[in-house]
């Protein structure tokens, strides 16, 4: 019996070592492409072509110069992406919370059918309606406008679903009734009392809505044709074109600039993001 | 918890109105409009009045039977999804088994989770262009690395070979998503009643037995959820193949979304054909969602039965394990 136990412990030690090695290799695989990207952003094209290096060089400024000389404008792209993502995120979290509150706090005839309907439309991909959407926006003269990228965010079925689950678990109707006794109107109750209560859920959903909007390529690519309206992901496509064909250092720098804001956000909020991913999966 | 007050029920309608309006205007109307365009001859840059074709299903018929490019895009989408999903779910399950095994007690899980999930948060277009630069020919980082390691003698033109190009696209998808799947699955395991694991451990079940007899059966719903959401995500795959090789070489990485985009927005203005292709995609997605909806509803009873079965099974497994020792 003792022998069995000892061999078991030795076996566990070996398998633990293997697990750590695999996990470390996977972590390296996650980091390495981005590391090469940041390092190559500081190297000149001849240096990049002469071989791989994991240490930065000194050509950051000359790469930046070449990059900005052509049509790539990271500041413009950043601002456009920021405006669209912030407005869309605010629309998504505010109106989804409002809709979820309407679903949980009030007893109305169409409540159950409406919830079933939200479940049904949760998965409709944007690509399926893209042609009609484009034609519609073309008629409204809303192409090259940010509105068609912001306003649809008001209807985010998956976020409503999540917010409803959160409210069902946390909202006690006594608070609402107490507010009514104190003479607070329904909208005021929602804005002043319910919204602050929902902040943890709102923060999680806001992060994902923001990142999702920031990374969206398909819709901006269809709708925005003027260069000064381009968002970051659309601007990335410029780096693949002919204008930077052999300027590898500048291409890597452009990529690094588009990824940098996300890296900063991720490392500041990674705890909440990981927790949010976990929550998203167990939604039932 | 829910108020029965009649006076307030109108607020249910008022509070959900913005959602309904935005949905009708920006989702439902465009979908119906797309469907209508699919039955018309709408082509060209200048908008024309809507004219339904004599045979309304002509566009669909042409796409499904006479358009090798569209068929290829459907097949490619399927291949790319399968080749990325199978390794993704296998690795995610393996990591889940490791990270949730209390006897192994793996340290640094927080750091590993943060690092493995990281590629998922970075803009897919950036990653696509980054990988096309990494695999550049003749002098790219991957070629240099492989030559330094002595794996290859001369530079390889990775992106000209169809299989390699598909493999790399599938790998990028896999690499971006396995961390996400892993975190979802770990959360699922955390939601399993710990008493199940404890009793199995006390009864002497080993790691394999616990994983296959308790963990996997309890994760069934979450696995199905992951499968279907991943299928719908895979069906609409666009960013990576579009910016990685723009569908090449020889259309081997052309996906359905790229086909739609290419027909309508890259100079040929074949809105009717693109709309018909969108509708075909919509129907596939709707069938998949319907499946998901069916699986997610009324799970209470099924879950109870499953839990009981799992307990019985774990008892049996434990008894068997005890006999073996």
**OP:** Could you list, in sequence order, all residues of the range A:56-78 that are surrounded by 13 or more Cβ atoms within 10 Å (Cβ to Cβ) and without any contact (Cβ under 8 Å) to a residue 60 or more places away in the chain?
**Re:** A:56, A:57, A:68
Original post:
Picking from B:287, B:283, which residue would you name as being at the interface with chain A (Cβ under 10 Å from one of its Cβ atoms), surrounded by fewer than 16 Cβ atoms within 10 Å (Cβ to Cβ) and modelled with pLDDT of 80 or more?
Top reply: B:283
Original post:
What number of residues within the range A:223-259 satisfy the criterion of being under 12 Å from residue A:40 (Cα atoms) and part of a helix (DSSP H, G or I)?
Top reply: 9
Original post:
Consider residue B:175 against the criteria (1) modelled with pLDDT under 95; (2) facing chain A (nearest Cβ under 8 Å): it satisfies all of them except one. Which criterion is unmet?
Top reply: (1)
Subject >> Criterion (surrounded by fewer than 19 Cβ atoms within 10 Å (Cβ to Cβ), within 9 Å of chain B (Cβ to nearest Cβ), touching a helix residue (DSSP H, G or I) at 6+ places or on another chain (Cβ under 7 Å) and part of a helix (DSSP H, G or I)) met by exactly one of A:96, A:27 >> reply: A:27
**OP:** With respect to residue B:145, determine if the residue is modelled with pLDDT of 85 or more, touching a helix residue (DSSP H, G or I) at 6+ places or on another chain (Cβ under 8 Å) and either more than 27 Å from residue B:116 (Cα to Cα) or part of a helix (DSSP H, G or I) (or both).
**Re:** no
Original post:
In the set A:207, A:175, which member is surrounded by fewer than 21 Cβ atoms within 10 Å (Cβ to Cβ), out of contact with any strand residue (DSSP E or B) (no Cβ under 8 Å at 6 or more places or on another chain), more than 10 Å from chain B (Cβ to nearest Cβ) and closer than 21 Å to residue A:93 by Cβ?
Top reply: A:175
**OP:** Considering only residues that are within 7 Å of another protein chain (Cβ to nearest Cβ) and more than 22 Å from residue B:282 (Cα to Cα), look in the range A:106-119 and name the one that is surrounded by the most Cβ atoms within 10 Å (Cβ to Cβ).
**Re:** A:106
Original post:
What is the residue count in the range A:120-161 for residues that are over 25 Å from residue B:256 (Cβ atoms), in contact (Cβ under 8 Å) with a residue 24 or more places away in the chain and facing chain B (nearest Cβ under 9 Å)?
Top reply: 3
**OP:** Go through B:76, B:59 for me and flag whichever is more than 14 Å from every other protein chain (Cβ to nearest Cβ), surrounded by 14 or more Cβ atoms within 10 Å (Cβ to Cβ) and either over 30 Å from residue A:117 (Cβ atoms) or under 33 Å from the mean Cα position of the chain (by Cα) (or both).
**Re:** B:76
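The values are calculated or read from the model by the stated rules, or taken from the named source; none is laboratory data. If you're wondering where the values come from, they're calculated on a predicted model, not measured in any experiment. Glycine also receives a Cβ, built like all others from the backbone with ideal geometry; neighbour counts cover every protein chain displayed.
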